[in-house]
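Peer 1: Sharing a structure, written as structure tokens. Questions coming.
The values are calculated or read from the model by the stated rules, or taken from the named source; none is laboratory data. Here the structure is a predicted model, which is why all the values come from computation and not from measurement. Here the Cβ positions follow ideal geometry from the backbone for every residue, glycine too, while neighbour counts run over all protein chains shown. For accessibility, only protein heavy atoms count, side chains too; no ligands or nucleic acids. Shrake-Rupley method; radii C 1.70, N 1.55, O 1.52, S 1.80 Å.
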Amino acid sequence: IYEKTNNISLQTWANNLPSNIQIMFYYGNSKNSKNSKTHNSDNEITIDCDDNRDNNLLKTIKMFQYANSNYNFDYVLRLCACSYINIPKLQSFVDKLPNELVFSGPINRLSEGAANRLNLDRIQFITGANMLFSKDVINKLSMNINNFDYKKYGRVDDVAISLFINEHIIKQEKWILQSWIGLDSSSIENTLQLKKKNSYHYHYNHRNFTEHLFEFYKKY
């Protein structure tokens, strides 16, 4: 499914990106079993990590570490695959941000079931669908790659990252919160209303909206 959603992104909102924005898709080793170390080619980063849900956190932190060592950047926007981005709104949003201590995205709260599994309160966290970091935050996460509990939080990288940032980098009250906009069939006919919203990030369900994204893009 990720090959399909990633290709759709490249054909829609990620087509002809401004020169100051680069999109990269990151995969574990199962993307190409011949690869045994982290590297990149074109717009893909292959991480030296098994590509399964239990390694979501490890793969993400390794990606941050690789980006931090190999790219010159001001911010990293980590998205889920089923994302649609309004690039001018993103640029406008980032232009107003400070250069340091930025952690931003839509807020979520642990479900009761997840809280019980993780032995946590129903804490709030920035959802992994849209996580925006300044370079200094990426640097600190990268430097602490060995200080995460990958067994406990392997599948919930957004929860683990939010917990770590709150405890060691930026307190939750200083996070920069964003709104969440979901796309469905009605969105195709309501692009004017959606354009008026401030959010740059839209999220769709790959099970029932992937094929409609081209139609949405054309109207939007």
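Peer 1: Rolling a 1.4 angstrom probe over the protein chains, ignoring ligands and nucleic acids, what is the accessible area of residue 24 in square angstrom, nearest 10?
Peer 2: Counting only protein heavy atoms, residue 24 exposes about 50 Å² to solvent.
Peer 1: Name all residues of region 148-169 having a backbone nitrogen under 15 Å from the label point set 7 Å from the Cα of residue 112 along its Cα→Cβ direction, giving them as ranges.
Peer 2: Answer for this model: none.
Peer 1: First compute the accessible area of region 178-217 with a 1.4 Å probe, then give the percent of it belonging to carbon and sulfur atoms.
Peer 2: In region 178-217, the share of accessible area belonging to carbon and sulfur is 48 percent.
Peer 1: Packing-wise, with mean Cβ within 10 Å as the measure, how do 143-152, 101-110, 208-217 rank, highest first?
Peer 2: Packing order, densest peptide first, comes out as 101-110, 208-217, 143-152.
Peer 1: Count the net charge of all other residues whose Cβ sits under 15 Å from the Cβ of residue 127, scoring Lys and Arg as +1 and Asp and Glu as -1.
Peer 2: My count for the surroundings of residue 127 gives +2.
Peer 1: Here is a further query. Evaluate E = 1/(1 + (r/R0)^6) for residue 7 and residue 69, where r is the Cβ-Cβ distance and R0 equals 35 Å; express this FRET efficiency to the nearest 0.05.
Peer 2: With a Förster radius of 35 Å, E is 0.80.
Peer 1: Of the beta bridges DSSP finds with both residues in the chain, what % are antiparallel, to the nearest 5?
Peer 2: So the antiparallel bridges amount to about 65 percent of the total.
Peer 1: Tell me the label-point distance for the pair residue 191, residue 121, using the 7 Å Cα-to-Cβ offset, in nm and rounded to one decimal.
Peer 2: 4.5 nm
Peer 1: Obtain the nm distance between the two label points defined at residue 144 and residue 20 by a simple spin-label model: each point lies 7 Å from its Cα along the Cα-to-C-beta direction.
Peer 2: 2.9 nm
Peer 1: Can you give the accessible area of residue 189, probe radius 1.4 Å, in Å² rounded to 10?
Peer 2: Near enough 130 Å² of accessible area.
Peer 1: May I pose another question? Note down the relative contact order for the chain as a percent, whole number, built from C-alpha pairs under 8 angstrom at least six residues apart.
Peer 2: It rounds to 23 percent for the chain.
Peer 1: Just the accessible area for residue 59, please: 1.4 Å probe, Å², rounded to the nearest 10?
Peer 2: For residue 59, the solvent-accessible surface is approximately 30 Å².
Peer 1: Sticking with this one: With labels modelled as points extended 7 Å from the Cα through the Cβ direction, what inter-label distance (nm, one decimal) is found for residue 96 paired with residue 208?
Peer 2: Going by the 7 Å Cα→Cβ label model, 3.3 nm.
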